[in-house]
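In what follows, a structure is listed as structure tokens, so that the remarks can point back to it.
Each reported figure results from applying straightforward, stated rules to the coordinates on display, with no laboratory input. All of these numbers come straight from a predicted model, not from anything done at the bench. Glycine also receives a Cβ, built like all others from the backbone with ideal geometry; neighbour counts cover every protein chain displayed.
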Amino acid sequence: MNTITLIVVYYGFSIVFVISIVIFLWKRKKRHRNNYPKDWKHLKHAIEEENINDLAKYGSRVIWNDNLEAQHKKIIYREIEKRKDNYPELQKLWKDVYYKMNGLEPSQE
């Protein structure tokens, strides 16, 4: 193989790789946008029903969704903070929510 062929192959694979990353991110953003209202509805229902497993499941989905609204973030923070000491299942979600609100992990108090 000569140098020109190697350069063309390298750039060809690079372009395909970049395009596949862009498509993946575009589909992920579209999926997040479509799922956010449903996940938020399920989360509110889990809060009302005190369903801890669903609270952890949908709370994690909502908190890492790109479309998370500031007011929803505050509601999740408040609700998880109330329950974190009574339910060890919510500790991971509490760390994630705290990180999203404050930009750092909670200290061990």
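Tell me which of ALA70, PRO88, ASN2 sits at the most positive position along the dipole axis of the chain, charges placed on C-beta atoms (Lys, Arg +1; Asp, Glu -1).
So the residue furthest toward the plus end is ASN2.
Taking only Cα atoms, what is the 0 to 90° angle, nearest 10, from helix 70-83's long axis to the longest principal axis of the chain?
50 degrees
In whole Å, what is the distance between the alpha-carbon centres of the stretch 1-28 and the stretch 31-109?
If you average the Cα positions of each part, the centres end up 38 Å apart.
Test of understanding: in a Gaussian network model of the chain with alpha carbons linked when under 10 Å, which of VAL62, VAL16, VAL97 would top the mean-square fluctuation ranking?
VAL16
Helix 3-49 versus the longest principal axis of the chain: what angle, 0 to 90°, nearest 10, using Cα atoms?
The angle comes out near 20 degrees.
With springs only between Cα atoms under 10 Å, which of ILE63, ILE15, ILE23 fluctuates most in a Gaussian network model of the chain?
Evaluated over the chain, the most mobile residue of the options is ILE15.
Summing -39500 (n - 2.57) over the DSSP H runs of n ≥ 4 in the chain and dividing by its residue number, what mean residue ellipticity at 222 nm do you reach, to the nearest 500 deg cm²/dmol?
On the way: 4 runs with 85 residues, N = 109.
Rounded to the nearest 500, the figure is -27000 deg cm²/dmol.
Suppose each label sits 7 Å from its Cα in the direction of the beta carbon; what would the LYS92-VAL9 distance come out to in nanometres?
My value for the distance between the label points is 4.3 nm.
If the elastic network links every pair of Cα atoms under 10 Å, which of ALA70, ALA56, ALA46 fluctuates the most in the Gaussian network model of the chain?
ALA70
Rounded, prolate or oblate for the stretch 3-102? Axes are the square roots of the Cα gyration tensor eigenvalues, ordered a ≥ b ≥ c, and the cut-off for rounded is a/c under 1.5. Please list the in-between numbers first.
Working: a/c = 3.69, a/b = 2.81, b/c = 1.31.
Here the stretch 3-102 falls in the prolate category.
Which FRET efficiency, nearest 0.05, do ASN35 and ILE75 yield, Cβ-Cβ r, R0 22 Å? Mind showing how you got there, number by number?
Working: r = 18 Å, r/R0 = 0.82.
With a Förster radius of 22 Å, E is 0.75.
Does the stretch 50-109 come out rounded, prolate or oblate by the C-alpha gyration tensor, with a ≥ b ≥ c the root eigenvalues, rounded set by a/c under 1.5 and, if not, prolate when a/b is larger than b/c and oblate if not? Mind showing how you got there, number by number?
Values: a/c = 1.70, a/b = 1.11, b/c = 1.53.
It comes out oblate by the Cα gyration axes.
Using Cα atoms only, what is the angle between the long axis of helix 91-102 and the major principal axis of the chain, expressed in degrees (0 to 90) to the nearest 10?
70 degrees
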